[in-house]
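Heads up: the structure comes next, in structure tokens.
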């Protein structure tokens, strides 16, 4: 059974392995992180922990029983009870409902643990899998995303009102 866990310092080796193993898979649908991301991974990981501690972001990992990372599910730009959602799942578990279940759980945590009322997520038009995950998790399209935000790809903003799901 997998579980969503808050990012911790000790997760660094498993997160790096996840990113390296799935790099080509991710690059097929979203912008590649680039070599600098991997070369400076330890510094970036530590910076993420500082951001998380400050409350501007909340980073979660979907962790398998054996400690392997199956996905990353993040809340960015937390402000005024709103945040942006970003996620990615390992190739070997994609298409099995893993992302949808984890996004639904993160929506619950966003409201219960972080006091958030609204989540937004951007996805490229060509990323049908991500659009499907968001729709199944209760998000609705709310407007266009400029290509600059999505690595040169046009897309759509999706939004979910977390207060509606509590009533």
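The values are calculated or read from the model by the stated rules, or taken from the named source; none is laboratory data. All of these numbers come straight from a predicted model, not from anything done at the bench. Neighbour counts are summed over all protein chains in view; Cβ atoms, including those assigned to glycine, are modelled from backbone coordinates with ideal geometry.
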- Message: Given the criteria surrounded by 17 or more Cβ atoms within 10 Å (Cβ to Cβ), within 26 Å of residue 124 (Cβ to Cβ) and under 17 Å from the mean Cα position of the chain (by Cα), does residue 49 qualify?
- Response: no
- Can you name every residue in the stretch 12-26 that is over 14 Å from residue 94 (Cβ atoms) and within 16 Å of the chain's Cα centre (by Cα)? 15, 16, 19, 23
- The one condition in (1) farther than 20 Å from residue 97 by Cβ; (2) not in a helix (DSSP H, G or I) that residue 5 fails to fulfil: (1)
- Message: If residue 91 satisfies all but one of (1) crowded, with 17+ Cβ neighbours inside 10 Å; (2) in contact with a helix residue (DSSP H, G or I) (Cβ under 6 Å, 6 or more places away or on another chain); (3) within 19 Å of residue 3 (Cα to Cα), what's the number of the condition it fails?
- Response: (1)
- Item | Count - residues of the stretch 52-83 that are assigned to a loop (DSSP other than H, G, I, E, B) and surrounded by fewer than 18 Cβ atoms within 10 Å (Cβ to Cβ) | 9
- Item | Filter result (out of contact with any helix residue (DSSP H, G or I) (no Cβ under 8 Å at 6 or more places or on another chain) and either part of a strand (DSSP E or B) or at pLDDT 90 or above (or both)) within the stretch 22-50 | 43, 47, 48, 50
